[in-house]
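Heads up, the thing below is written out as structure tokens.
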Amino acid sequence: MKSSNTTAKQPFKPCDNCTCSRGLLYRQQSRRSILFRQISRRSSLLTSTAPYNVGSNTSINDEDSVYSSDQIGCSSRNINTTKRLLSLRKEMIKKDLCCYIVPSEDEHQSEYVSFADQRRAFISGFTGSAGVACITRDVLNFNLDAPEGKCVLSTDGRYFNQATQELDYNWSLLRQGVDKTTWEEWCVNEAYEMSKGLGNSKKKLKIGIDPKLITIAEVSKFQKLIEDKDYNNCVELVPVETNLIDLIWDQFEDAPSRALKPLFMLDEEKFAGEPFVEKRNRLLKYLDEKHKNGMVSDSSPTFISIALDEISWFTNLRGEDIDYNPVFYSYLIVTCKDTLLYTDNEYSSEIKEYFARNNIIVKPYNDFWKELERLSATNNTASTNTIAGNKSSSILIPNNSSWAIVNKLKNNYYRAIESPLEVFKAVKNHTEICNARKAQVKDGVALVQYFSWLENELVKKQSLIDEYKASCKLTSIRETQSNFRGNSFETISSTGSNAAIIHYSPSEENCSMIDPLKIYLCDSGSQFLEGTTDITRTFHFTEPKQEEIDNYTLVLKGNLALERLIIPEGTSGYNIDVIARQFLWSQGLDYRHGTGHGVGSYLNVHEGPIGIGFRPHLVEFPLKEGNIITNEPGYYKDGEYGIRIENDMLVVKTDLKFGDKGFLKFENLTLVPYCKKLINVKMLTSEEKRQINEYHTRVWASIVPFLQPQSLAYKWLKRETSKIK
């Protein structure tokens, strides 16, 4: 068994200028403070009008009530980043940087990262999963003890509302897709303006970034921007090998370390559906057929994999190194002879035998960089010194590889390609599809039990339940299902105006009481050995407003239209995004997120390369039979409410043909009813009514065998799946 190189946890340091990072320290539970019950919020609910009214004769048992609470000292939505930025700028002086970029991703370009890789959250206070922080140092300010500058946080429409709440006065928000200036342009322009202030100085101003955290494609884009602006003589992007955030983290908090958990093996017959040896042979065959021409040798090309979910899928192994994602920190190199796995995670004797049987050679995680140097030396042939790589190389790297990888290969001896493992993984095999259906039944049962419980608690028992405690209740219900391995992402349990924050997640210390007089949105998912789920339902537990009913119905109509769609093979998600938006558009409404994303098979809940949305790169990845993709249109009214309806859909073949071209359709895998009281039946066509009724009949038949006839869940499901006319 391998030993782990994890670092022992150090004692926690107290707050310094109230700079505790939300979503980092809170979720680590590395601090606890005295909690106050929100008496005023509770009192207002107690005195509210019917139907949610607690009369004078009604007693409330504190042990039965799930209450919301505030935290003394650190309950604000943002943190004070002043001291952190000061420390960072002092490090920038040492590196002679005028600007420093802090991305969200880790060195594997993961969307969700461990606490140790949440550098952008640490420096900015913004805890969303996507965004880039850019910090400048005014080179014209010669006060080395108090360097000054500007800061921007760039993020997409999912997080505009959240970022506004979490960023403090030091930061400005760059809204992707809305503001004309991109974060790259902002950095280059700021550097150029400072260079003008230096007069005739021939000194280039440096924009720095950790080369492990930026892809080669992003570097090319950045360098082209500098060239297009004709700033080559005064501005340059430079790699900063030592991450500057890591240098200052311990000044304010105990910098977290990666917690490496033991590996476990996925049963190849029962769950994976394809043995490792077959996946390896399929990869080598693909590389020979697609990329062997023009290689420097007759042997199969060497392929490097960096994405954690791709490596987990390929090796039929899983881990627990990142919350919600069953992956482990690793790199992978596949040659015609060997499979080299670089990881520091422990593993059992059974997995050791598995490695030996499949000729998988395990090496320490950081030895990957030494191997790159060796490969570069071995392939030391004449080449063009360009970041685009050498087309005659026998080394293939994913096109989302980091700048650091390219630098180790000396920018010469590689070819960047779309990772074949990403495409292979997105097409589920028969075993994975069968298991996905089983996972959906399990999650359907859990969600029916949860929503019926929540409605009963709020309306009949008139209990006080906050968003966080409700999300914990949902998890506890899911835990009763066999093979449950945890949530697939942080549950979005949101009431009223919080539901308008697209990626809102309540914390124990800072959340709202669920108000039954307002819309409640719950976006959640499970990780089962059988598969991954991602389901959103929006409910109202009392009497919704007509506007809420009508807008919910517009969202539902878009969801139903996309599900009914039949498309020719070769169609991408970019081409069909409008189908889900059309009814909202007809009323001048829209939503600031994609309509769908791929879903892994007991892997990441957001899985590329497919998707349904308006991002042009999706055109390159047509939907294929066996893809599992979400269908999640929504509408969000800032400060009031949010609506989203999300199902997981399987792409299946039809019997239709047009010449040699076949057609595809969607199978809705999700088994949770829609909210009947939010449906305006008058806005539905006969086809839509039939579609809803058929779906609810299937939900009833699939879920009811797992419910007791006298249970709340049984009665709730019967009501919610009853026929609409």
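The trypsin sites (Lys or Arg not before Pro) of the stretch 204-255 that meet both conditions, a loop assignment by DSSP and at most 14 other Cβ atoms within 10 Å of the site Cβ, are 229. Entry note: the stretch 201-261 has Rg to Rh equal to 1.13, where both radii use alpha-carbon atoms and Rh is the Kirkwood radius.
Note that the stretch 587-599 has calculated 3J(HN,Hα) couplings of 10, x, 10, 6, 9, 9, 7, x, 8, x, 9, x, 10 Hz, one per residue in order, obtained from phi through the Karplus relation 6.51 cos²θ - 1.76 cosθ + 1.60 (θ = phi - 60°); glycine and proline are x. Under a 5 Å amide H cut-off, with hydrogens placed 1.01 Å from N, residue 238 pairs with 207, 208, 209 among residues at least 5 apart or on other chains. Per residue, the convex hull spanned by the Cα atoms of the stretch 158-223 measures out at 142 cubic angstrom.
Its alpha carbons give the stretch 82-251 an Rg and a Dmax of 15.2, 45 Å. Sequentially through the stretch 177-194, phi angles give Karplus couplings (6.51, -1.76, 1.60; θ = phi - 60°) of x, 10, 6, 6, 8, 8, 5, 5, 5, 4, 4, 5, 5, 5, 5, 5, 4, 5 Hz, Gly and Pro residues having no value and appearing as x.
Note on 334, 238: ascending count of other Cβ atoms within 10 Å places them as 238, 334, the fewest first.
Among 722, 419, the order by Cβ neighbours within 10 angstrom, fewest to most, reads 722, 419. Taking the convex hull of the alpha carbon positions in the chain and averaging its projected area over all directions gives 34.2 nm². Amide H contacts of residue 415 (H built 1.01 Å from N, in plane; Pro and chain starts excluded): 395, 396, 397 sit under 5 Å, all sequence-distant by 5 or more or on other chains.
In this simple spin-label approximation, residue 349 and residue 366 carry label points 7 Å from Cα along the Cα→Cβ vector, and these lie 3.1 nm apart. Listed peptides 307-314, 534-541, 584-591 appear in the order 307-314, 534-541, 584-591 once ranked by packing, highest mean of other Cβ atoms within 10 Å at the front.
Each of residue 698 and residue 96 was given a label point 7 Å from its Cα along the Cα-to-Cβ line. The distance between the two points is 6.4 nm.
Checking a compactness column here: for the stretch 430-720, what do you get for Rg(Cα) / (2.2 N^0.38 Å), N being the number of residues?
For the stretch 430-720, the normalised Cα radius of gyration comes out at 0.96.
Karplus-based coupling profile of the stretch 156-166, in residue order and whole Hz: 9, x, 4, 10, 4, 5, 5, 4, 4, 7, 8, with θ = phi - 60° in 6.51 cos²θ - 1.76 cosθ + 1.60 and x standing for Gly or Pro. Here the contact order of the chain, divided by its residue count and restricted to Cα pairs under 8 Å and six or more residues apart, works out to 12 percent.
Annotation: amide H of residue 255 within the under-5 Å range of 250, sequence separation 5 or more or interchain, hydrogens built in the peptide plane. Counting beta carbons within 10 Å around each of 280, 137, 119 and listing the fewest first gives the order 280, 119, 137. Considering only the other residues whose Cβ falls under 15 Å of the Cβ of residue 375, what net charge follows from Lys and Arg at +1 and Asp and Glu at -1? Within the 15 Å Cβ shell, the charges total +3.
For the stretch 637-725, the equivalent ellipsoid built from the Cα gyration tensor has semi-axes of 28, 20, 14 Å, listed from largest to smallest.
Any read-out appearing in this document is the output of simple, stated calculations on the displayed coordinates, not a laboratory observation. This structure is a prediction, so every number in the text was calculated from the model and none was measured. Backbone-built Cβ (ideal geometry, glycine too); neighbour counts: all protein chains shown.
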